[in-house]
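K.L.:
Structure in structure tokens, see below.
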Amino acid sequence: MKSSKQIEKIVGGAWAKAGQVTDERILTDAGNALTNSTINRPQALRPGPTIWRLIMESKITRYSAAAVIVLAMTLVLLSPFGTPGNGGVVLANVQQNVNGIETMIIRGTKTCTRPGEPDNVFEFDGMKCEFDLVKYFSKQYGLVEEGYIGDKLFYRFTFNRPKRQTLLVLPPYKKYGTFTSTDKQMRLLENGTPKGIINLLMEGDYQKLGRDNINGTEVEAFEFQNPVTFKEIVPKVIFDVQNVKGKVWIGIKEQMPVRVEGDLFIGKSFLTLFNDLNMHEVNTFGDYNIELDENIFDTNPPEGYTELTLSDILQVIPAEAKAGLVGLGVAPAGFVFWRRRRKRTKTNPS
Amino acid sequence: MKDRRLVHRLSRADPDALRQIYHRYKDDLLTVAMALLADPDAAEDCVHDVFVHFAGTPADMRASRNLRGYLMRCVANRAKNLIRRQQLQPDCQMDEQDYASEQDCPEGRLIVSEESVRIFEAMAKLPTEQREVVSLHIHGRMKFREIAEQLDVSINTVQSRYRYGIEKLRTFL
């Protein structure tokens, strides 16, 4: 007698298959049942009506759909992400273009004034803080910013991207300072380049100011305010950027920035020597993808220069700034007042 | 394509989905029907009725989680109803005209091999409860637990029916 397993195997080997006639019969009747069932089905289960039919059945959905379409068309036609076919500036295209820039030279001015007094230029150590700027930008090597007063170089910031190092040179004092740069600081420095400007423009709210003509170039102007990039890059006690407002003029044909103006209101902080300041900067762009020597971005201190120390800073800053330094804990109170006392004793022996 | 997707398409009255489901399960369903009814015409009618009902009642589509099990249960229920209502007694000796052998008529109605006929005849001698359990477990590939849920009996009852059924088949085969 066979075992249970064998019986299971034998039984499992039995089969029946449908022939063509059976297939046709069952499929025809089932197909008819399917067709008939759709007529008597609940509305939700009925096949057929397309999404448009459903939308058009109700006034609410009809008008909602119309509103969505109008909104989408508006976005396509008016937004910066639309096509450039309407002759305007497309920021996405501009961003792509500036990302493709390898090198450039930017020229402009930087002026520091007292708030509410546009003609009252801030003075530092007897010099008016009204600089002519030249910036050298290289996607590969970094950024150099030179500030001139008259024909004399007052400062040079060299940010070396591969080394992640920044060198500040102050030729009038034969002093230099170096520090390591973070990614955020790198972005801050890049904000002065077309790439940075477009990023600033696109990362927050901006307003179109209409068309203009700059030196024969048809441009469209944009205004932006308080971009996120400026926030929390450095502690407020060091550099307290309270308000940023910028205008960018972008060439319609070129789809590239032509000019930028920025106004920064900086509160009392270390870098403003504890003064409230307005900083107005104007940059014009033009020299793109020209050859720049790698040595321009060298962060080695020049020969004959000595490192900037706290004592150097204390010599040139006013008393209120020194008090601020003490408040920040940058300089010990005894050190500041001892130096002041020594200076006074020297100048006034009585 | 997965069963769930097919059922969804069927709920939108897609005849192609119906065709695919039919071709996927028709032979297994016919085998179970044959094992339960041992009558080719009745088996064909059984599967026919199940598919017509299945296509015409979208409310039952929620069974899509286990389409195979759902269809097997439908066939088993339909077969039991046929037996109950028509007092249909499975043929212990099937007429040769009732079915076509594979070689003779591949385009015909129900195709059953000679060995299968012998097995279905042997199964027809089992009591309906045992036949049902044996067929659903072996041909329908349903677990004892699923069969117990379907028949609303305990799993032990299902297993004992299966055991008795197999024991009897040992004497017939």
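K.L.:
Among the numbered criteria (1) assigned by TED's automatic domain parsing to the domain that holds A:L209; (2) surrounded by fewer than 18 Cβ atoms within 10 Å (Cβ to Cβ), which one does A:P302 miss?
P.N.:
In the conditions (1) assigned by TED's automatic domain parsing to the domain that holds A:L209; (2) surrounded by fewer than 18 Cβ atoms within 10 Å (Cβ to Cβ), A:P302 misses (1) alone.
K.L.:
Can you report the number of residues in the stretch A:74-109 which are of a type in the set (S, T, Y) and modelled with pLDDT under 80?
P.N.:
3
K.L.:
Could we say that B:T171 is assigned to a helix (DSSP H, G or I) and away from every other protein chain (no Cβ under 14 Å) here?
P.N.:
Taking the combined requirement at face value, the residue does not satisfy it.
K.L.:
Quick check: anything in the stretch B:34-50 within 9 Å of another protein chain (Cβ to nearest Cβ) and surrounded by fewer than 18 Cβ atoms within 10 Å (Cβ to Cβ)?
P.N.:
No, there is no match, as no residue in the stretch B:34-50 is within 9 Å of another protein chain (Cβ to nearest Cβ) and surrounded by fewer than 18 Cβ atoms within 10 Å (Cβ to Cβ).
K.L.:
Checking B:A42 against (1) modelled with pLDDT under 90; (2) in contact with a Cys (Cβ under 7 Å, 6 or more places away or on another chain), which single condition isn't satisfied?
P.N.:
Of the numbered conditions (1) modelled with pLDDT under 90; (2) in contact with a Cys (Cβ under 7 Å, 6 or more places away or on another chain), the odd one out for B:A42 is (2).
K.L.:
Exactly one of (1) under 17 Å from A:P301 (Cα atoms); (2) at pLDDT 85 or above; (3) surrounded by 15 or more Cβ atoms within 10 Å (Cβ to Cβ) is unmet by A:L133. Its number?
P.N.:
(1)
K.L.:
Might you check whether a residue that is within 11 Å of chain A (Cβ to nearest Cβ), modelled with pLDDT under 85 and in contact with a His (Cβ under 9 Å, 6 or more places away or on another chain) occurs anywhere in the stretch B:61-82?
P.N.:
The answer is yes; a qualifying residue exists.
K.L.:
Something else now. Out of the stretch A:14-49, which residues are more than 7 Å from every other protein chain (Cβ to nearest Cβ) and at pLDDT 85 or above?
P.N.:
A:D23, A:E24, A:T28, A:N32
K.L.:
How many residues are without any contact (Cβ under 8 Å) to a residue 40 or more places away in the chain and more than 10 Å from chain A (Cβ to nearest Cβ) if we restrict to the stretch B:22-33?
P.N.:
1
K.L.:
Here's another thing I want to ask about it. Using the structure shown, decide if B:V133 is modelled with pLDDT of 90 or more, buried (at least 16 other Cβ atoms within 10 Å of the Cβ) and either more than 14 Å from chain A (Cβ to nearest Cβ) or part of a loop (DSSP other than H, G, I, E, B) (or both).
P.N.:
For B:V133, the condition - modelled with pLDDT of 90 or more, buried (at least 16 other Cβ atoms within 10 Å of the Cβ) and either more than 14 Å from chain A (Cβ to nearest Cβ) or part of a loop (DSSP other than H, G, I, E, B) (or both) - is not met.
K.L.:
Could you look through the stretch B:4-16, keep only residues that are more than 9 Å from every other protein chain (Cβ to nearest Cβ) and buried (at least 20 other Cβ atoms within 10 Å of the Cβ), and pick out the one that is farthest from B:F54 (Cα to Cα)?
P.N.:
B:L6
K.L.:
If you don't mind, there's one more thing I want to ask. Of these, A:Q140, A:Q185, A:Q165, which one is modelled with pLDDT under 80 and either in the same structural domain as A:I252 (by TED's automatic domain parsing) or surrounded by 20 or more Cβ atoms within 10 Å (Cβ to Cβ) (or both)?
P.N.:
Exactly one of A:Q140, A:Q185, A:Q165 is modelled with pLDDT under 80 and either in the same structural domain as A:I252 (by TED's automatic domain parsing) or surrounded by 20 or more Cβ atoms within 10 Å (Cβ to Cβ) (or both), namely A:Q185.
The values are calculated or read from the model by the stated rules, or taken from the named source; none is laboratory data. In this text the structure is predicted, and so the values were computed from the model without any measurement. Quick reminder, even Gly has a Cβ in these numbers, built from the backbone with ideal geometry, and neighbours come from all protein chains shown.
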